[in-house]
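Data block below; observations after.
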Amino acid sequence: MDATGVAALLALAGIPVSVLLTRWQMRAALRQTEAGHHTAMEVAAANHRSALEAAEAGHRHALELARAQTRMERARWLAETRRVEYRFLQNSLAQYRRVLMAAEPLPEEVVSAFDEVHHGVNLIEAVGPEEVHRLAARILTACRVPAAAYQFGAAPSPDDRERWWARIKTLRHDFHDTTKKALDEPWQ
């Protein structure tokens, strides 16, 4: 065999080796690509979890802020509503006193003024708190006696009216003090 033949044989033997080397290189490249893909998928999944956790935390925070704002708005509304209803009862009591302590009270005016006091107490029952309502109910009970006397045709003496009003006045002062406390703490 001459040198050309030997060179040809070596060339033929080199083809399978080069094919084998190329195949190994291709497998190594595929493994490397697959490892890179797995790494990229893990990173993407971790980023996705982080984004979800951040979104959930943001959502929880937004809900808590909304709840806090709602509580504050309710407390503000309740304080204002109580202030209005308490003032209404105080004004009704002032009218009741004017009518009751007049020189010659008219029975229908006393009964009408009592009805306004009764209405005010009902409004207070709706807005509370219970301590204020109980005191308002005691005022109503004290106002009921003179109103009933006039409603049934009795004309109480000025001394009786003074005594009744002194009792109502004491309860009214207690009511004022209790309402101040309720307005300072509207969440009750």
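A few comments on the model shown:
- Here is the figure for the stretch 129-159: residues that are assigned to a helix (DSSP H, G or I) and in contact with a Pro (Cβ under 8 Å, 6 or more places away or on another chain) total 4.
- Residue check for GLU131: loosely packed, with under 14 Cβ neighbours inside 10 Å and under 27 Å from the mean Cα position of the chain (by Cα): yes
Yes/no per residue for (1) closer than 30 Å to LEU123 by Cα; (2) among the acidic types (Asp, Glu); (3) surrounded by 10 or more Cβ atoms within 10 Å (Cβ to Cβ):
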| position | (1), (2), (3) |
| --- | --- |
| HIS48 | no, no, yes |
| GLU53 | no, yes, yes |
| GLU56 | no, yes, yes |
| ARG60 | no, no, yes |
| GLN69 | yes, no, yes |
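- The C-beta contact set for the stretch 144-168 (first residue without any contact (Cβ under 8 Å) to a residue 24 or more places away in the chain, second residue in a helix (DSSP H, G or I), distance under 6 angstrom, 6+ apart or interchain) comprises PRO156/ALA149.
- Single condition CYS143 does not satisfy, out of (1) more than 39 Å from the chain's Cα centre (by Cα); (2) modelled with pLDDT of 90 or more: (1)
- Residue match in the stretch 80-97 (condition: outside any helix (DSSP H, G or I), surrounded by 13 or more Cβ atoms within 10 Å (Cβ to Cβ) and in contact with a helix residue (DSSP H, G or I) (Cβ under 8 Å, 6 or more places away or on another chain)): no
- Residue count for the stretch 157-188 satisfying the condition of being of a type in the set (Lys, Arg), under 13 Å from TYR86 (Cα atoms) and buried (at least 16 other Cβ atoms within 10 Å of the Cβ): 1.
- Scanning the stretch 98-122 for residues that are over 21 Å from ARG161 (Cα atoms) and either surrounded by fewer than 18 Cβ atoms within 10 Å (Cβ to Cβ) or more than 37 Å from the chain's Cα centre (by Cα) (or both) returns HIS119, ASN122.
The values are calculated or read from the model by the stated rules, or taken from the named source; none is laboratory data. Note that the structure is predicted; figures quoted are calculated from it, not measured. Quick reminder, even Gly has a Cβ in these numbers, built from the backbone with ideal geometry, and neighbours come from all protein chains shown.
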